[in-house]
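The values are calculated or read from the model by the stated rules, or taken from the named source; none is laboratory data. As the structure is a prediction and not an experimental result, all values here were calculated from the model. A quick note on method: Cβ atoms are made from the backbone with ideal geometry, for glycine too, and the neighbour counts reach across all protein chains shown. To get the accessible areas, we keep the full protein, side chains included, count just its heavy atoms, and leave off ligands, DNA and RNA. Shrake-Rupley method; radii C 1.70, N 1.55, O 1.52, S 1.80 Å.
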Amino acid sequence: MKLCRFNHDRLGIVEGETVKDVTAALDVLPQVRYPLPPHDLLIAHLAKVTARAKTLAADAAAVPLDSVTLRSPIANPGKLVAAPVNYQKHLDEVKNDSQIHHGNVAHTITIQSAGLFLKATSSLVGPGEGVALRKLDRRTDHEVELAFIIGKQARNVSAADALDYVAGYTIGLDITIRGSEDRSFRKSPDSYSVLGPWLVTADEIPDPGSLDLQIAVNGEQRQKSNTRYLILGVRELIELASSFYTLYPGDVIYTGTPEGVSPIEPGDRIVATIQRIGTMEVSVRAAEGAATAASLSGAAATN
């Protein structure tokens with residue numbers, strides 16, 4: 001099943017080029033009070049929600065997919081976990097490009113040495129909300145990634161059992177300001193974590209280790225690879241992450257990006273595709289109040 005969140009927190013089933021509104025399926029979720037649980041309620045009760053959604057879909061109103069605003073399919077993740085330099089060719093390009101590594105040796109070590117990092121949950125948006133660039137005087141890159149959603153609480157999970165803990169898969173964009181600072185800092189501005197266009201339940205992707213992925217900007221292909229080239233695959237990432245953190249339903253893990261990262265600017269149109277998931281289109285704009293490089297240099301010259 002392909003589940004999407006659209007418009008004002010409506011729940012939909014994607015069928016071809018239409019969305020069936022099954023928001024009433026959310027009625028199966030338990031009522032909660034403060035303090036809220038450390039997980040996403042929909043994902044924690046995904047089996048009940050999908051069962052109810054299937055029943056509702058037969059008579060649900062269908063609307064054109066291109067007429068809705070797609071939000072992040074996960075509304076309340078407890079954590080956004082991300083894997084750095086998890087494709088060898090991307091690690092090679094980082095080592096060979098000072099505009100990417102900025103002299104920080106931590107940016108050029110292997111994932112086995114670097115471990116994982118966290119992105120702020122406040123950076124999460126869906127494709128329909130777009131990316132708002134904040135530091136226009138600095139290089140900001142696109143990074144396309146397979147992302148997956150944890151379906152149940154996980155702690156010290158073995159790689160052999162890891163796929164049992166996956167609720168589903170989606171496309172991730174890890175938008176990145178280049179610089180010498182810590183990854184989490186540069187990758188966590190508002191809108192710099194894009195998920196979409198929907199959640200594909202795990203039963204539709206039995207092997208996440210053989211998926212083509214690519215990204216184009218303004219019609220120009222920038223990245224193209226396959227998840228078979230991941231250094232640590234989905235299983236190994238769950239094993240690693242759960243050995244340090246308790247993973248909860250709705251936690252998101254970005255698996256890392258292949259080679260070909262390059263800059264984006266306001267006005268760009270990003271099209272990201274992953275096999276068996278789909279395609280999402282994302283517009284890039286300047287964040288409100290963001291200054292251009294030209295205006296910044298002009299201001300400096302007058303001070």
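Considering only the chain, what is the antiparallel percent among its DSSP beta bridges, to the nearest 5?
Antiparallel bridges: around 85 percent, rounded to the nearest 5.
For region 17-60, what relative contact order do you get, as a whole percent, if you take Cα pairs closer than 8 Å and at least 6 residues apart?
60
Which lysines does K89 reach when only Cα atoms under 19 Å apart count, and residues fewer than 8 places away in its own chain are ignored?
In chain and number order, the partners are K224.
Give the dimensionless ratio obtained when the Cα radius of gyration of the chain is divided by 2.2 N^0.38 Å.
Normalised Cα radius of gyration, the chain: 1.00.
Mind pulling the angle between the C-alpha long axis of helix 234-244 and the longest principal axis of the chain? Nearest 10 degrees, somewhere in 0 to 90.
It is inclined by approximately 80 degrees.
Under the rule that an exposed site lies in a DSSP loop and has at most 16 other Cβ atoms within 10 Å, name the longest stretch of the chain with no GluC sites (Glu not before Pro) of that kind, not counting the sites themselves. Don't jump to the answer; show the numbers that get you there.
Working: sites that count: E17, E181, E288.
It runs 18-180.
Starting from the Cα of Q112, step 7 Å along the direction of its Cβ; do the same at D190; then give the gap between the two resulting points in nm.
Taking the simple label geometry, Q112 and D190 are separated by 4.2 nm.
Any idea what diffusion coefficient region 158-237 gets from Stokes-Einstein, in µm²/s, Kirkwood Rh on alpha carbon pairs, 25 °C, 0.890 mPa s?
166
I'd like the distance separating the alpha-carbon centroids of region 172-198 and region 78-123, in whole Å.
11
In sequence order, what are the phi-derived ³J(HN,Hα) couplings for region 5-22 according to the Karplus relation 6.51 cos²θ - 1.76 cosθ + 1.60 with θ = phi - 60°, rounded to whole Hz, with x for glycine and proline?
Values per residue, Gly and Pro as x: 10, 9, 6, 9, 6, 7, 9, x, 9, 8, 10, x, 9, 10, 10, 9, 7, 10 Hz.
So for the chain, averaging the separation of alpha carbon pairs under 8 Å that are six or more residues apart and normalising by length, what relative contact order in percent results?
24
For the chain, what does the accessible surface come to per residue with a 1.4 Å probe? Please give it in Å². Intermediate results must be reported in sequence, preceding the final value.
Numbers: 13550 Å² over 303 residues.
So the chain comes to 45 Å² accessible per residue, rounded to a whole number.
Between V28 and A159, what's the calculated FRET efficiency when r is the beta-carbon distance and R0 is 51 Å? Round to 0.05.
Numbers: r = 33 Å, r/R0 = 0.64.
It comes to 0.95.
Explain nothing, just the number: relative contact order of region 41-192, from Cα pairs under 8 Å at least 6 residues apart, as a whole percent. Please report the intermediate quantities before stating the final value.
Values: 189 pairs, mean separation 40.6, N = 152.
Computed over region 41-192, the figure is 27 percent.
Quick one: which residues, 5+ away or cross-chain, put their amide H under 5 Å from the amide H of N86? H built at 1.01 Å from N.
T257
When the helices in the chain are scored as -39500 (n - 2.57) per DSSP H run of 4 or longer and the sum is shared across all residues, what 222 nm value do you end up with, to the nearest 500 deg cm²/dmol?
Calculated mean residue ellipticity at 222 nm is -5000 deg cm²/dmol.
At q = 0.14, 0.17, 0.29 Å⁻¹, what base-10 log of I(q)/I(0) does the Debye formula yield for region 122-185 when every alpha carbon is treated as an equal point scatterer in vacuo?
Reported log10 I(q)/I(0), two decimals: -0.61, -0.79, -1.30.
Cβ under 14 Å from P37's Cβ, P37 left aside: what net charge do those residues give with Lys, Arg +1 and Asp, Glu -1?
Spelling it out: positives minus negatives among the neighbours equals +1.
How far apart, in nm, are the 7 Å Cα→Cβ label points at T246 and R276?
For the pair T246/R276, the computed spacing is 3.1 nm.
What's the local net charge at Q88, with K and R +1, D and E -1, over the other residues with C-beta under 14 Å away?
The answer is 0.
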